[in-house]
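A short write-up of the structure that comes next.
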């Protein structure tokens with residue numbers, strides 16, 4: 001089926017919450033769905049912050065295979081909205097300064113959970129995904145097909161975030177959350193927005209230029 005270029009990737013940067021489906025331990029084998037906030041990592045994969053006491057965390061320790069559903073239906077019409085179902089395995093990752101910093105940019109309220117010492121980060125390793133974006137725009141992709149390009153370097157992303165937040169911070173409650181080769185995530189006037197570039201940006205100069213244009217346009221519209 002015809003899938004718009006990079007539509008699943010942009011969707012994973014648009015939504016703030018997803019539905020995690022793990023394998024229940026009791027009753028054994030049943031799907032166990034739960035809703036969780038998530039942040040996309042540099043490869044656009046969902047990163048979640050979960051309590052060690054949560055049922056879904058126990059389920060992942062027993063069987064890391066899981067599904068993760070992300071939906072964008074701002075008008076409430078789910079069947080006409082975009083959605084992507086990810087299949088793969090979740091793996092625990094160390095709470096490095098970079099991981100914490102990135103997650104808190106997307107979910108600053110999560111800092112209160114981190115101080116408890118009971119929460120850990122997990123990232124999904126994608127096997128396959130199915131995207132539905134409307135009539136005739138649906139199909140399966142392998143995990144590798146989500147993005148074949150090398151991710152933006154941590155230092156390069158942080159430099160762009162610092163530069164643009166310094167330039168526009170405070171103007172219309174602007175806050176840049178993340179940058180990648182296909183677009184940028186930001187908070188503007190209290191609303192989360194995904195700014196998609198017209199094409200992938202492979203070098204710093206074109207990336208900076210595309211980011212500047214998108215931000216200026218978003219501020220004019222808001």
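Every condition in (1) surrounded by 15 or more Cβ atoms within 10 Å (Cβ to Cβ); (2) over 12 Å from the mean Cα position of the chain (by Cα) is met by residue 29 except one, and the failing one is (1).
When 155, 180, 185 are checked against the criterion of being over 22 Å from residue 16 (Cα atoms) and under 20 Å from the mean Cα position of the chain (by Cα), a single residue qualifies: 155. Do we find that residue 117 is surrounded by 13 or more Cβ atoms within 10 Å (Cβ to Cβ) and either touching a strand residue (DSSP E or B) at 6+ places or on another chain (Cβ under 7 Å) or on the phi > 0 side of the Ramachandran plot (or both) in this structure? No, not satisfied.
A single member of 190, 134, 170 is farther than 28 Å from residue 208 by Cβ, surrounded by fewer than 14 Cβ atoms within 10 Å (Cβ to Cβ) and modelled with pLDDT under 95, and it is 134. Just one residue in the set 208, 166 is outside the structural domain of residue 42 (by TED's automatic domain parsing) and either within 13 Å of residue 105 (Cβ to Cβ) or out of contact with any helix residue (DSSP H, G or I) (no Cβ under 8 Å at 6 or more places or on another chain) (or both); that residue is 166.
Yes/no per residue for (1) surrounded by 14 or more Cβ atoms within 10 Å (Cβ to Cβ); (2) not in a strand (DSSP E or B):
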{"site": "44", "(1), (2)": "yes, yes"}
{"site": "69", "(1), (2)": "yes, no"}
{"site": "83", "(1), (2)": "yes, no"}
{"site": "91", "(1), (2)": "no, no"}
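Of all residues in segment 1-42, those satisfying the criterion of being within 16 Å of residue 142 (Cα to Cα), part of a loop (DSSP other than H, G, I, E, B) and touching a strand residue (DSSP E or B) at 6+ places or on another chain (Cβ under 9 Å) are 1, 2, 3, 4, 6.
For residue 107, the requirement of being surrounded by fewer than 19 Cβ atoms within 10 Å (Cβ to Cβ), in contact with a strand residue (DSSP E or B) (Cβ under 7 Å, 6 or more places away or on another chain), under 25 Å from residue 182 (Cα atoms) and touching a residue at least 40 places away in the same chain (Cβ under 8 Å) is met. For residue 63, indicate whether it is farther than 22 Å from residue 110 by Cα and modelled with pLDDT under 95. The answer is no for residue 63.
The condition (being touching a helix residue (DSSP H, G or I) at 6+ places or on another chain (Cβ under 8 Å), farther than 20 Å from residue 98 by Cβ and in the same structural domain as residue 12 (by TED's automatic domain parsing)) is satisfied by just one residue among 133, 139: 133. The one condition from (1) touching a helix residue (DSSP H, G or I) at 6+ places or on another chain (Cβ under 6 Å); (2) surrounded by 15 or more Cβ atoms within 10 Å (Cβ to Cβ) that residue 99 does not meet is (1).
The values are calculated or read from the model by the stated rules, or taken from the named source; none is laboratory data. Every value quoted in this text rests on a predicted model; they were computed, and no experiment measured them. When we count neighbours, we look across all protein chains shown, and the Cβ atoms used for this are built from the backbone with ideal geometry, even at glycine.
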